[in-house]
Amino acid sequence: MHILYLGGTGNISNACVARSLALGQQVTIMTRGRTEAQTRPGVNYLRGDRYQLADLERAAELRPDAVVDFIGYTADQLELALTAFRGKTGQYLFISSAVVYQKPPTCYRITEDTPHGNPFWQYALDKIACEALLQNSASATGIPYTIVRPSYTYDQTWIPVSVGGHGYLVVERMRRGVPVVVHGDGQSLWTMTHASDFAVGLCGLIGNPQVLGQAYHITSDEVLNWDTIYHTIATAAGVQAQIVHLPSEVIATLVPAWGPTLLGDKMYSCVYINDKIKAAVPEFAPRVSFAEGMRRSLAWYDADARRRQVNPEGNARMDLLVAHYRKLLDRA
């Protein structure tokens, strides 16, 4: 089976490519070559721009059995791919996102039937529009599609948090002995998924005729609150975390760049029910705990000092939030 990955060198897709190779699949990755791609034996790298119709049409001439699109973010971008691959692949797997689900949720237990609707984040609105376009196109042309919705998924190069991004910033502050900010009271529930576990679910959907026209989220079964997530990171880093709490709305007001991912996603308790993916892919059984994942991530960062760079702007933003927290305490 020949799999074409549109975007195959990123946080999640790297693990999926590795899984495809382990399953004996023929893999082609379409890449612009503007960043240093991880070279894997047995992978064919096709130079091209996923956002250019001519390049997509050239890739479509390979007539892959399945196309996995990790880097389609807007309806216009998706339309290019549907135009190029219509009639030239047996399955188009669109990587959407769990942020499409209704926010605020009416229930913290999320299934694939949970309604869509997220007015707080443009990224979510774009993914909702992509899914609608894909479903409408399938009705009109019969394109065989499967929608996949990851939630917060990370590999060893990420340290996933709610405030401050997924780089080394939070660990740098923890190791320096200064506070980090957690939204709300730190008790809302969340799910972190290791990319290697996600890959088992995704690759199990490839080539399965029973999953055409269906949508699946793929997440870990481990549920943690945000304070526990931060304390788990601190343990992997060999320190104790100093946590301060601020309402998500306050964080979004003081640091607008960090607002959408809170107001449109992480401020709510979200527990994803994986019954559907487990029925479709029986081998899907998440194995990497968050504690183990963070040990792997910290080992990766600690192996090379160049990986432990922190943007001064991120630290300044965190300092601003901590100062506001202390001002609120003083006023109280």
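Ordering 86-96, 71-81, 110-120 by mean Cβ neighbour count within 10 Å, with the highest value first, yields 86-96, 71-81, 110-120.
Coordinate range of the alpha-carbon atoms in the range 1-97 per principal axis, descending: 31, 27, 26 Å.
Length available on full extension from Thr141 to Cys107: 0.36 nm per residue minus the Cα-Cα distance, which gives 8.7 nm. Computed on the chain, with alpha-carbon pairs under 8 angstrom and 6+ residues apart, the relative contact order is 19 percent.
Can you tally the net charge around Lys266? Count Lys and Arg as +1, Asp and Glu as -1, for every other residue whose Cβ sits under 15 Å from the Cβ of Lys266. Net of charged neighbours comes to -3. Among the protein heavy atoms of the chain, carbon and sulfur supply 50% of the accessible surface, probe 1.4 Å, non-protein parts ignored. Compared with the alpha-carbon gap, the fully stretched path from Gln52 to Leu212 is longer by 55.0 nm at 0.36 nm per residue. Over the chain, DSSP H runs of length four or greater, each weighted -39,500 (n - 2.57), average out per residue to a 222 nm ellipticity of -11500 deg cm²/dmol. The stretch between Leu189 and Asp304, if pulled fully straight at 0.36 nm per residue, gains 38.1 nm over its current Cα-Cα span. For GluC sites (Glu not before Pro), the sites in the range 1-77 that DSSP calls loop and that have at most 14 other Cβ atoms within 10 Å are Glu36, Glu61. Spatially, the range 105-183 and the range 202-224 are offset by 15 Å when compared through their Cα centroids. For the chain, the dipole from Cβ point charges (+1 on Lys and Arg, -1 on Asp and Glu) about the Cα centre works out to 560 debye, to the nearest 20. Size of the range 178-275 from its Cα atoms: along the principal axes, largest to smallest, the extents are 51, 32, 20 Å. When you count the other C-beta atoms within 10 angstrom of each residue and take the mean per peptide, 179-192, 235-248 line up highest first as 179-192, 235-248. So, R0 is 30 Å and r is the distance between the beta-carbons of Arg40 and Thr253; what FRET efficiency does that work out to, to 0.05? FRET efficiency, Arg40 to Thr253: 0.10.
Expressed as a whole number of Å, what is the distance separating the alpha-carbon centroids of the range 1-65 and the range 289-309? Going from one Cα centre to the other spans 26 Å. Using the beta-carbon distance between Asp275 and His116 and R0 = 25 Å, what value does 1/(1 + (r/R0)^6) give for FRET efficiency, to the nearest 0.05? Once rounded, the FRET efficiency stands at 0.80. Anisotropy class assigned to the range 229-302 is oblate, per the alpha carbon gyration tensor with a/c at or over the 1.5 cut-off and a/b no larger than b/c. Counting only DSSP beta bridges with both residues in the range 150-256, the antiparallel share comes to about 20 percent.
Kindly list the residues of the range 63-78 that lie in the label zone of Met1, defined by a backbone N under 14 Å from the point 7 Å along the Cα-to-C-beta vector. Only 64-68 pass the distance filter.
The values are calculated or read from the model by the stated rules, or taken from the named source; none is laboratory data. Keep in mind that this is a model prediction, so the values were computed, not measured. Cβ coordinates were reconstructed from backbone atoms using ideal geometry, including for glycine residues, and neighbour counts include every protein chain displayed. Quick note on the areas: whole protein, heavy atoms, side chains included, nothing else; ligands and nucleic acids left out. Shrake-Rupley method; radii C 1.70, N 1.55, O 1.52, S 1.80 Å.
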